[in-house]
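Everything on this sheet refers to the single structure shown next.
Coordinate-derived values only; no laboratory data. What you are looking at is a predicted structure, and each value in this text was computed from that prediction instead of being measured. Glycine also receives a Cβ, built like all others from the backbone with ideal geometry; neighbour counts cover every protein chain displayed.
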Amino acid sequence: MGHRRHLIALAAGALLAAALAPAASATARGATPPGGAPTTTTEAPTSTTGPVPTPVEVQLLALNDFHGNLEEATLAIDPATGSSSSPGSVPAGGAAHLASTVRALEEGVEHSLVVSAGDLIGASPLLSALFHDEPTIEAMNLIGLDLNAVGNHEFDEGADELLRMQEGGCHPADGCLDGDEFAGADFELLAANVLDTATGEPFFAPYAVREFGAARVAFIGMTLEGTPSIVSPSGVAGLEFRDEADTVNALIPELEATEDVDAVVVLLHEGGVQTGEGPQGVNDCTDLTGPVVDIVDRLSDEVDLVLSGHTHQAYDCVLGDKVVTSASSFGRVLTDIGLTIDTVAGEVTAISTENLVVTRELGPDGAVQQLITKYQLIAEPLANRVIGSTIGEILREANAAGESPLGDVIADAQLAATTSPELGGALVAFMNPGGIRADLNAPETGEAEVTYGESFTVQPFGNSLVTLTLTGEQVDQLLEQQFCNTGTEDSPETRRVLQVSAGFTYTWDQSAPCGGKVGPATTLIGGAPVDPAAAYRATVNSFLADGGDNFRVLREGTDRLGGALDTDALEAYFEASSPVAPGPADRITVSSATPPATTTLATTPPTTLATSPPTTATAAPAG
């Protein structure tokens, strides 16, 4: 395995229709696909003496952060921005469409492999979560996934449950809810930097070697070293998580000495974010920041390619001499990679990459759609399970200050789920209004039951709770970022007034300029003014925790602890507090008030399966 300094091929963004044209096949990666930008490939110099190289072309199809998003209803992405809610967003994703995309891209390709960079499961929507993510494993078996590097969310239900995902068998408490024995994953889970503390051995295989003709390629799979800080302690009990770059570099001598590989690919569940003023589309790489930058900088020169994840971002980068990509999240984007391998020299001579939007143009794959339909039918009675009751209707429509009765209830539920020290020690919870997708029990007037399906319709994105530390100054920044949220001008259409839990109050001024709308002296926690220099534990969902809805300051939150799904927190609150009354909507006040901000989205009628929320997805980084 030689020293490589020659890897580079970048392709500009294109929708799937362009990518599927014959000229864009894996064996013609220098061609210009119709409707797409040219793929440029930088090749290594070829020696004029010695054996003539016998190149092997290998196609890799990569995804990350699927999070059990089997159904297509709410999924979308804008190829130009990577956003799910900008004007250029197009419907994208859904497991049946992902399967069709993979089939089309693999057609006629001799050597192809489908890989994932983690968080395949965990923090999943209802259809997968109800069955402990067995439907997602089965769908990926049908799609033809070959390898998955475990991510932090694979550990949400603990190490034993993750082993069951690989090996199969019915759930120890709930059994096989679909009536069939669960066979487990046909694909291999990799976890090079996760060790069993009892044995000192890797929890799963650290790498896999695949042969493509005469070429041998090693795939090293890892999650982020910081997994224990963002997963419940019970989920990672008995496991040690080691430094990502150190783990890879320690494996390189073994791969050279015993495996005789021609290429090394790292499947890394850690990532970055595009920043700065330049374009940030799915195939851009504008000022990439984040942990992946340092990790890649420290990797051995023998690593050719890093397929990353975790941040739910799409990017296509070259960092130093290494190609680094990420495919957004939820199966909305698939990275199409071409490796050209010189088997005589034992090295990669070219890499081409392109992030493709998984559109709906090919139609759903029949086998995967049949699997989804099967689980939808089984889920119906489970979704109708009663979890509590309300006193009349609880609405999400905001008042003049931007606060809603349902927003209060959800924030209170999230605070209740994270107040105890072992679960986060939170003092306040913030909820984004765009994540509240339906009313509860409208237009009921008396006590009315609430089903799990109805509560899930209110929060259909499967976000998990994250408790983090903010300074008082950062709390003030957070409140200011609610206004002028998408630019330098404030308007009812661009405000994103966060819903707040009981005990947190403040006043904002309608007429004040951007950056000065909230009077710090009015901001109270438990009746006491917020001290700019003090530290406060706050709970948000994973979408907000990663800066969703332009709440950038939340990315700076420290000492993060992952918690329950938002739906589970709401269910626990209803079980403990029913009948639940509408929130008072008096925690936020506004001066110089004008008509209320428009934060209410088109109401989705509750369904037994919660499969038809609005088509604009607001879920984003789930970590």
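The figures follow:
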| read-out | value |
| --- | --- |
| Percentage relative contact order, the chain, counting C-alpha pairs under 8 Å, at least six apart | 18 |
| Total formal charge among the other residues, if their Cβ is under 10 angstrom from that of residue 392, Lys/Arg +1 and Asp/Glu -1 | -3 |
| Segment residue 209-residue 277, extension gain: residue separation times 0.36 nm, minus the distance between their alpha carbons | 20.4 nm |
| Centre separation in Å (Cα based) which lies between region 485-536 and region 264-335 | 34 |
| Cα Rg over Rh - region 481-533, Kirkwood | 0.99 |
| Cα-based equivalent ellipsoid of the chain: semi-axis lengths in Å, sorted from largest, via gyration tensor | 42, 26, 23 |
| Simple label model, 7 Å out from Cα along Cβ direction - residue 297 to residue 552, nm | 2.1 |
| Table column - 3J(HN,Hα) (Hz), region 503-509, Karplus curve with 6.51, -1.76, 1.60, x for Gly and Pro | x, 10, 9, 6, 10, 10, 10 |
| 222 nm mean residue ellipticity, helices alone, for the chain (DSSP H n ≥ 4; -39,500 (n - 2.57); rounded to 500) | -5500 deg cm²/dmol |
| Label-point separation, residue 578 to residue 502 (7 Å along Cα→Cβ), nm | 1.9 |
| Additional length obtainable on full extension of the chain from residue 86 to residue 163, 0.36 nm per residue less Cα span | 23.8 nm |
| Summed side-chain charge close to residue 453 - residues other than residue 453 whose Cβ falls under 12 Å, Lys, Arg +1, Asp, Glu -1 | -3 |
| Helix 95-106 vs. the chain, principal-axis angle (Cα, 0 to 90°, nearest 10) | 20 |
| Whole-number D in µm² s⁻¹ for region 420-505, Kirkwood Cα-pair radius fed into Stokes-Einstein, 10 °C, 1.306 mPa s | 101 |
| Shape box of region 329-392 [Cα atoms, principal axes, largest first, Å] | 71, 29, 24 |
| Filtered GluC sites (Glu not before Pro), region 205-291: DSSP coil and at most 14 other beta carbons within 10 Å | 277 |
| √(5λ) per eigenvalue of the Cα gyration tensor, region 346-466, largest first, Å | 37, 24, 16 |
| Projected label distance in nm at residue 361 and residue 173, using a 7 Å step from Cα toward the beta-carbon | 4.6 |
| C-alpha long axis of helix 405-418 to longest principal axis of the chain, angle in ° | 60 |
| In region 70-173, GluC sites (Glu not before Pro) in a DSSP loop with at most 15 other beta-carbon atoms within 10 Å | 107, 110 |
| Estimated translational D of region 139-288 in µm²/s (Stokes, Kirkwood radius over Cα pairs; 20 °C; 1.002 mPa s) | 124 |
| Potential lengthening between residue 377 and residue 533 on full extension [0.36 nm per residue; Cα-Cα distance subtracted] | 50.8 nm |
| Antiparallel DSSP beta bridges within the chain, percent to nearest 5 | 65 |
| HN-Hα J in Hz across region 336-349 - Karplus 6.51, -1.76, 1.60, θ = phi - 60°, x for Gly and Pro | 9, 10, x, 9, 9, 10, 8, 7, 6, 6, x, 7, 7, 9 |
| Degrees separating the helix 366-383 axis from the principal Cα axis of the chain, which is the longest one | 30 |
| Trypsin sites (Lys or Arg not before Pro) restricted to region 237-335 and DSSP loop, no more than 13 other C-beta within 10 Å | 298 |
| Theoretical FRET efficiency, 1/(1+(r/R0)^6), r = Cβ-Cβ of residue 201 and residue 560, R0 30 Å, to 0.05 | 0.60 |
